[in-house]
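To keep things clear, I will list the structure first and then write my remarks on it.
The values are calculated or read from the model by the stated rules, or taken from the named source; none is laboratory data. Since the structure is predicted, the reported quantities are computational estimates derived from the model, not experimental observations. Cβ placement follows ideal geometry from the backbone for every residue including glycine, while neighbour counts extend to all protein chains displayed. Side chains included, ligands, DNA and RNA excluded: accessible areas come from the protein's heavy atoms. Shrake-Rupley method; radii C 1.70, N 1.55, O 1.52, S 1.80 Å.
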Amino acid sequence: MFQYLSAMPADPILGLLTKYRQDSHPQKVDLGVGVYKDPQGNTPILACVKTAEKFRLDSETTKVYIGPTGSASFNELTSALAFGSEHPALNAGRIRTVSTPGGTGALRVAADFIARCKPGATIWVSDPTWANHTGLFQAAGLTVKTYPYYDYQNKTLRFDDMLATLKTVGKDDVVLLHACCHNPSGQDLTQNQWDQVVALTKDCGFMPMIDMAYQGFGDGVDEDAYGVRAMAAAVDNMLLASSCSKNFGLYRERIGACSIIAKDSAQADVALSVLLYVVRCNYSMPPAHGAAIVETILGSVELKAQWLEELKVMRDRINGNRAILVEKLKQNGVDRDFSFIARQKGMFSFLGIDEQQVATLMQDYSIYMVGSSRISIAGISEDNVDYLAKSIAAIL
């Protein structure tokens, strides 16, 4: 059977990483891979995670399966983190949450669940969106369409165009929204814009699905969940995919969650039974280690306070990187307005240069980013920002 296969194109970001590692340039800069890095270019393990992990290793007594839903404690605590502990949907028993293998696992479980609700359903994603969204949803048998989102020319949100398109979406369709720190543009909805999207969603009747991969990386844990909480309070049905990879630094532990919001508790139980069938046919049981770390942190007053402080350090560093890049570009005589970078949130932004300029930065200056000019803000540091700004100035 293998003789009928055709090779798939390599992932562009992983390909960039290989080229970066092979580059011997002493001032090379990696702006491709979307992981948090400290000023030394490392992705450290959080101190609170180290403490929770030691507790886990000392107290664990078995490696038996934890069941398709995952840890009940993790599911409860991560739901409270996403929705707020006093959210009316939680208090009404309308939410069911399962542990998943990372945020990507949560998205795939949600996609397969949608396919069970309506085979071949259409899901609308922002233009642009995370590169893996389209392939993941298509693999689940969904039809993918796009709605306008980012204005590449003016470096702003195409909000009016977005609303106009969403008004045409069918009642049986799904609309994917980014909760915060939009990947790849960094351009987020304001709270006022979220309110308008929530009202439109309720009026039009389509089902919202929210991807929250970066809670706490934008303005704060509660602030970044504004849209999630507003939407869950307003609609009868909703899906949420969340991840602990970034905000807990648990990239390789692969722990996330998929939450279903139903009209009432009885409908939520039925939906959960279908979701668990999807899980059983997919990976059967979720991993336990990452969930145990997260529930230990969120279940401890001291560790949660330490986590929030460590998360603030990461958030402040990323926001600081945005500001210093804009300032250094000005200092290097760049007339073009790059202030949008400082206004955006999260790990990513489009630099707004063309593919030839991206190629020149890589070939002549050993600065690596994807062809769309999307940069990973965490790859900037005090050590490389002067070189980065001078190099960008040279190719403009």
Exercise for review: Would you mention how many residues in the stretch 361-377 are in contact with a strand residue (DSSP E or B) (Cβ under 9 Å, 6 or more places away or on another chain) and either free of Cβ contacts under 8 Å to residues at least 24 places away in the same chain or assigned to a helix (DSSP H, G or I) (or both)?
Suggested key: 5
Study note, to complete from the structure: Counting only residues in the stretch 148-168 that are among the polar types (S, T, N, Q) and under 22 Å from LYS202 (Cα atoms), the one surrounded by the fewest Cβ atoms within 10 Å (Cβ to Cβ) is identified as THR168
Revision key, fill the gap. Of the residues in the stretch 95-115, those that are over 12 Å from LEU276 (Cα atoms), out of contact with any Gly (no Cβ under 8 Å at 6 or more places or on another chain) and either open to solvent by 20 Å² or more (accessible area, probe 1.4 Å) or in a strand (DSSP E or B) (or both) number 2
Exercise for review: Have a look at LYS202, LYS171, LYS145 and point out the one that is in a helix (DSSP H, G or I), more than 17 Å from the chain's Cα centre (by Cα), of a type in the set (Lys, Arg) and surrounded by fewer than 20 Cβ atoms within 10 Å (Cβ to Cβ).
Suggested key: LYS202
**Study point:** Hey, VAL29 open to solvent by less than 30 Å² (accessible area, probe 1.4 Å) and under 15 Å from GLU295 (Cα atoms) or not
**Key:** no
Review point. Just one of the numbered conditions (1) in a helix (DSSP H, G or I); (2) more than 30 Å from ILE297 (Cβ to Cβ); (3) open to solvent by 50 Å² or more (accessible area, probe 1.4 Å) is not true of LEU329; which one?
Key: (3)
Point to revise | Residue that is surrounded by the fewest Cβ atoms within 10 Å (Cβ to Cβ) [pool: residues in the stretch 43-92 that are without any contact (Cβ under 8 Å) to a residue 60 or more places away in the chain and β-branched (Val, Ile, Thr)] | key: THR61
Check your understanding: Could you say whether any residue in the stretch 227-235 is over 25 Å from GLY186 (Cβ atoms) and assigned to a loop (DSSP other than H, G, I, E, B)?
Key -> yes
